[in-house]
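See structure below.
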Amino acid sequence: MLSLHYLGQSWTLDDLQESTAINKETILAFLLQFIEFGCTVLYNHHVCSPNNSESLIDCEAKYKRAGFPGCIGSADASHIIIEKCSYWLRQMHLGYKLSSTAPTYNITVNHRRHILSSTKGHPARFNDKTLGLYDDFLQSLKNKKYEGLRSFTLKDFDLNGNVIDVKYNGCYVLVDNGYLPWSVTVPPQKECTLRSQAGFSEWLESLCKDVECTFGILKGRWRVLKTGIRLHGLLQCDRIWLTCVALHNWLLEVDGLSKEWQSGVRSDYESNDDNNQDIPFAIRTLVSPAGAKVYDFSNMGHGNDCIPSNDTDKEVPNCNNSISTPPTNEDGSINISDLSLDAFCKKLIIHFNIMFKENKIVWPQRNK
């Protein structure tokens with residue numbers, strides 16, 4: 001209980017001593033044992049990367065309905081302030097956004113805020129590109145570990161303009177534009193010249209908020225991650241972070257929020273919407289993720305394989321301007337890792353626009 005007070009309420013050792021009449025040395029000794037147990041036993045039990053087809057399908061389900069088949073999560077990095085950093089490490093741990101020393105952690109989460117993997121702490125000077133090189137999970141995606149476990153199909157156009165299904169092998173995650181240009185880390189488009197690109201990018205950026213929300217939940221539930229860690233050494237900081245990650249996933253399982261949100265509590269706007277209670281959310285009007293307005297992409301084109309006509313509100317498919325065909329496997333499927341990021345993003349945009357025009361894009365929500 002003392003350790004949970006330290007992690008959850010950011011109590012100091014003095015606060016814990018005054019509330020329990022136990023000396024600080026004893027409290028510190030038990031706290032160190034608890035976080036060592038948490039970063040090993042608890043972490044290995046509750047933080048598991050998808051390792052079979054069933055777990056990959058479970059992570060992909062929400063993203064597939066949102067127009068991103070093959071996606072299993074989103075990734076980003078966050079800083080955790082550490083107050084007692086060694087002087088010789090201080091310069092590397094002074095980030096560009098913080099005035100305090102801090103290590104940075106890169107995590108991958110699915111749409112239910114379940115953390116799939118986390119790196120250990122790296123200097124705050126490291127950017128997202130460098131962190132991706134040290135992220136074992138992202139490296140496993142890039143090195144074709146999941147190409148034999150999961151395949152998916154994307155809608156595309158043939159040379160005659162007919163819609164066809166193309167099979168792909170592997171998985172990918174959604175990221176911001178700070179990561180390396182790998183085909184397994186898909187960012188929004190930097191420059192959107194077509195409506196199809198803008199709609200795809202806005203939808204992707206909204207789905208990427210999963211990992212940002214997870215950081216907010218972690219720092220709100222475990223206040224020590226927000227106020228700063230006062231123990232000496234980066235090792236103890238890593239142990240506290242990994243322990244909090246493990247406890248976060250454990251609480252999701254206890255609350256029934258780790259599996260399709262079937263046992264979750266309905267949100268306020270769902271429970272108070274008397275007019276639409278009997279209408280499934282999937283067939284209601286498609287609104288923006290923020291709920292502010294209805295997106296009008298009725299004239300969306302088919303990605304970068306389309307060229308704008310003289311009328312800026314229309315886009316005409318240019319089937320002859322398709323990208324070169326990548327190498328295929330014996331069954332006709334394409335490995336994601338064999339594609340460049342630009343080529344794979346084009347195919348995702350085409351699929352997203354086709355599904356959107358067919359009214360098959362559904363924003364992920366709590367209940368099935």
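The values are calculated or read from the model by the stated rules, or taken from the named source; none is laboratory data. Note that the coordinates shown come from a computational prediction; the quantities given were computed from them, not determined experimentally. All Cβ positions, even for glycine, are placed from backbone atoms using ideal geometry, and neighbour counts span all protein chains on display. Keep in mind that these areas ignore ligands, DNA and RNA; they rest on the heavy atoms of the full protein, side chains included. Shrake-Rupley method; radii C 1.70, N 1.55, O 1.52, S 1.80 Å.
Worth pointing out:
- Shape call, region 119-215: gyration tensor on alpha carbons, a/c limit 1.5: oblate
- Cα gyration tensor category, rounded, prolate or oblate, for region 35-98 with a/c compared to 1.5: oblate
- Label separation (S140 vs Y96): 3.1 nm, computed from points 7 Å beyond Cα along the C-beta direction.
- Around E205: net Lys/Arg minus Asp/Glu count, Cβ-Cβ under 13 Å: -3
- Modelled FRET efficiency - R0 51 Å, R223 with S333, Cβ distances, 0.05 increments: 0.60
- Partners for K24 among lysines (Cα-Cα distance below 21 Å; same-chain residues under 8 apart left out): K84
- Kirkwood-based Rg to Rh ratio, region 17-156, C-alpha trace: 1.08
- Legend: distances between Cα atoms for K167/K209; K219/K259; K145/K226; K190/K226; K144/K360; pairs beyond 25 Å are K167/K209; K145/K226; K190/K226; K144/K360.
- Think of a 1.4 Å ball rolled over the protein heavy atoms: region 37-127 then has 42 Å² of accessible area per residue.
- Calculated FRET value between E358 and E205, using beta carbons and R₀ = 22 Å, to 0.05: 0.45
- The accessible area of K120, taken with all protein chains in place and a 1.4 Å probe, comes to roughly 130 Å².
- Translational diffusion coefficient (Stokes-Einstein; Kirkwood radius from C-alpha pairs) of region 143-191 at 4 °C, 1.567 mPa s, in µm²/s: 101
- Potential extension, E212-E18 segment - 0.36 nm per residue separation minus Cα distance: 66.3 nm
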